[in-house]
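The values are calculated or read from the model by the stated rules, or taken from the named source; none is laboratory data. On a predicted model such as this, the values are computed, not experimentally measured, just so you know. We place every Cβ from the backbone using ideal geometry, glycine too, and count neighbours over all the protein chains shown.
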Amino acid sequence: MQKLCITLTVFASLAGAQTWQPLTNQPTFDASVALQLTDGTVMVQAIESGTWWRLTPDSSGDYVNGTWSKLASMPSGYTPLYFASAVIPDGRVVVNGGEYNGGDSIVETNLGAIYNPVSNTWKKLVGPTGWSEIGDAQSAVLSNGTYMLGNCCSSQQALLDATTLTWTITGTGKADANSEEGWTLLPDGTVLTVDVDDAPNTERYNPTSGTWSTAGKTPTSLAEYSEMGPAILRPDGTVFATGASGATAIYTPGPGGAVGTWTAGPEFPMEGGKQLDVADGPGALLPNGDVLVVASPGAYETPSYFFEFDGTNLNSVPGTPNAPHDSSYYGRMLVLPTGQIFFTDGSTDVEVFTGPGTYNSAWAPVIKAAPKTVTPGSTYKIEGVRFNGLSQGSAYGDDAQSATNYPLVRITVNGIVYYCRTADFSSMAVASPSLVSAHFAVPSSVPAGSGELVVVANGIPSAPVAVTVN
């Protein structure tokens, strides 16, 4: 993605029952990438800077009425725009690369940093040996909890040892460079990508062998302008992939590592004589299984239009106040624990989307083992199934990642919601029937009394279990 001078065009309003709400306390900075910390708060970057802020939900767990506080700044000289990011199983946040780094020239920086939310500190993270560029890279946390990073300008990937902060090169057999491609974690632990340079080919990465192999061809090329849109795993096990050509495609993984099949999805409509597409842009999975996505005409033009894919059709939904001025690539989406979508566009207007319908109870996390009594300031183990949800939750591609396939724990006492910091996830596998464990630290602010404990994954809560706070 490159910075461009955008021309304003006429915005066509879209009707629908879905709603956008502005934050009651809007940021004083231009909000960009947002990441869900494991204590229930959201950390947000001030665009193309080393400055990050924290949004804390109110006492009822409402993010619309949340409040801001400033976090520690990144290491000096690192102010990235269009970069890789992820929350890893110990709760830390990894950031790598940047197409830009505090200037108007493309630099494809190889800088990186890792954030510790407990100590509120950043430290430098040196990139893989021999990588002079990382740039607008893609990343994903694999099912086993290992963070995998792509190189923007080659076909290489690397795996991070989170303890030693060292890298191992992986990913032999990649058919083309990683540039502009996104990664989708599948239930079998493989990673799907839709090729840009080798379109309409698609590929899957096997973490056991460290190799790529073909995942078949999309019915028509999704790549255009050397760009790609998000590809999101849905609860039915299919992947909805959008493209910069205006086409979409649906992938059904094959059993036992088989190639799988692609079918054509609905095309984005024409607006004002121009084809709508997602030449970079965000998408997010709603609790009801639909995918919210942003499109705009041509390459990086305005305005932007919002759609929901319901498994068959692309349905128009209302746009944000800034939609007339935004291109699809401005947007970033994050799935909140409430099931709402947190949307930023590089401005001081942050919006929260509430979608239609609700989740299927069969998709919810299930608590299998949890303490019946807890003490503030102490840490406990919890176990259950579907703790990582059915999907990474949101996607963009190579410019931004904000996956939320990890469990959050909240305790409600006397109607007040308290999020517990979670860590040590035994797995990050999506749509897995296996038992997953995590640890959660009870905040010292939780009062004594009877309450309820809930696990949330990608905005879907478990049934509550009773808990007594000493």
Worksheet item: Quick check, is Gly61 crowded, with 16+ Cβ neighbours inside 10 Å, touching a strand residue (DSSP E or B) at 6+ places or on another chain (Cβ under 9 Å), assigned to a loop (DSSP other than H, G, I, E, B) and modelled with pLDDT of 95 or more?
Response: yes
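Take the residues in the range 352-389 that are part of a loop (DSSP other than H, G, I, E, B) and among the hydroxyl-bearing types (Ser, Thr, Tyr), then tell me which one is surrounded by the most Cβ atoms within 10 Å (Cβ to Cβ).
The residue in question is Tyr359.
Residue-by-condition table, conditions (1) buried (at least 24 other Cβ atoms within 10 Å of the Cβ); (2) under 18 Å from Ser328 (Cβ atoms):
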site	(1), (2)
Leu185	yes, no
Thr202	yes, no
Ser213	no, no
Met228	yes, yes
Thr238	no, no
Thr242	yes, yes
Pro255	no, no
Trp262	no, no
Gly281	yes, yes
Practice prompt. With a cut-off of at least 2 residues that are at pLDDT 95 or above and not aliphatic (A, V, I, L, M), name the strands (runs of 3 or more DSSP E) lying wholly within the range 88-199.
Written response: 112-116, 121-124, 147-150, 157-161, 166-170
Worksheet, complete the sentence: Residue pairs within 9 Å by beta carbon, gap of at least six or interchain, first lying in the range 215-239 and at positive phi and in contact (Cβ under 8 Å) with a residue 24 or more places away in the chain, second crowded, with 24+ Cβ neighbours inside 10 Å and among the aromatic types (Phe, Trp, Tyr), listed first then second, are Gly216/Tyr251
Worksheet item: Does the range 31-58 hold any residues that are within 17 Å of the chain's Cα centre (by Cα), of a type outside the set (A, V, I, L, M) and assigned to a loop (DSSP other than H, G, I, E, B), and which are they?
Response: Thr38, Asp39, Gly40, Thr41
Worksheet item: Where residues in the range 283-303 are of a type in the set (S, T, N, Q) and touching a helix residue (DSSP H, G or I) at 6+ places or on another chain (Cβ under 9 Å), which of them is surrounded by the most Cβ atoms within 10 Å (Cβ to Cβ)?
Response: Ser296
Worksheet item: Mind checking which pairs have a first residue in the range 382-397 that is closer than 23 Å to Ser139 by Cβ and a second that is among the basic types (Lys, Arg) and buried (at least 24 other Cβ atoms within 10 Å of the Cβ), Cβ under 9 Å, 6 or more apart or different chains?
Response: Ser394/Arg332; Tyr396/Arg332
Practice prompt. Residues that are of a type in the set (A, V, I, L, M) and under 22 Å from the mean Cα position of the chain (by Cα): find the strands (runs of 3 or more DSSP E) completely inside the range 274-329 holding 1 or more of those.
Written response: 283-285, 291-297, 314-317
Item to complete: Among the residues of the range 254-273, count how many are without any contact (Cβ under 8 Å) to a residue 40 or more places away in the chain, hydrophobic (A, V, I, L, M, F, W, C) and outside any loop (DSSP other than H, G, I, E, B).
Response: 1
Worksheet item: Would the range 407-414 turn up any residue that is out of contact with any helix residue (DSSP H, G or I) (no Cβ under 8 Å at 6 or more places or on another chain), without any contact (Cβ under 8 Å) to a residue 40 or more places away in the chain and either of a type in the set (A, V, I, L, M) or surrounded by fewer than 24 Cβ atoms within 10 Å (Cβ to Cβ) (or both)?
Response: yes
Item to complete: Determine if the range 167-178 includes at least one residue that is aromatic (Phe, Trp, Tyr), surrounded by 16 or more Cβ atoms within 10 Å (Cβ to Cβ) and within 30 Å of Lys123 (Cβ to Cβ).
Response: yes
